[in-house]
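The values are calculated or read from the model by the stated rules, or taken from the named source; none is laboratory data. Here the structure is a predicted model, which is why all the values come from computation and not from measurement. When we count neighbours, we look across all protein chains shown, and the Cβ atoms used for this are built from the backbone with ideal geometry, even at glycine.
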Amino acid sequence: MMAKKKVKNTRPRDTSANRARKDKKKSLMRTGSSNGAWKGGTSAHYYRRKAGAGEGEVVHHKDKKKSNNAKSNLKKVIKAQHNKAHPEKGRKKKRKS
């Protein structure tokens, strides 16, 4: 019979030294205020995530204040319902001359 060759494991062992190297690599990423896309602590879609709005859904602020992102003030609705709640933001109707 032929002897089987041992296959060397190419994956590095999970040792504390290897974990320290991984952590060092992550620290090169710019996070928080050192990141160029930083917008003062909240993302543009923060309230969408907070309300749990998915694709095709719109977040309605019940008190109409965009700065009030309390979960009790947010309501996810479909676009048609939101347009009914805010007709002033919709398309202007053409007048007949």
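Got a sec? Which helices (runs of 4 or more DSSP H) wholly within the range 1-89 have at least 3 residues that are modelled with pLDDT of 80 or more? Spell out how you get there, then give the answer.
Details: elements: 16-26, 46-51, 79-85.
Counting at least 3 such residues, we get 46-51, 79-85.
Every residue in the range 49-77 that is of a type in the set (A, V, I, L, M) and surrounded by 15 or more Cβ atoms within 10 Å (Cβ to Cβ), please.
Pass one, the range 49-77, residues of a type in the set (A, V, I, L, M): 51, 53, 58-59, 70, 74, 77.
Hits for the range 49-77 are Ala51, Ala53, Val58, Val59, Leu74, Val77.
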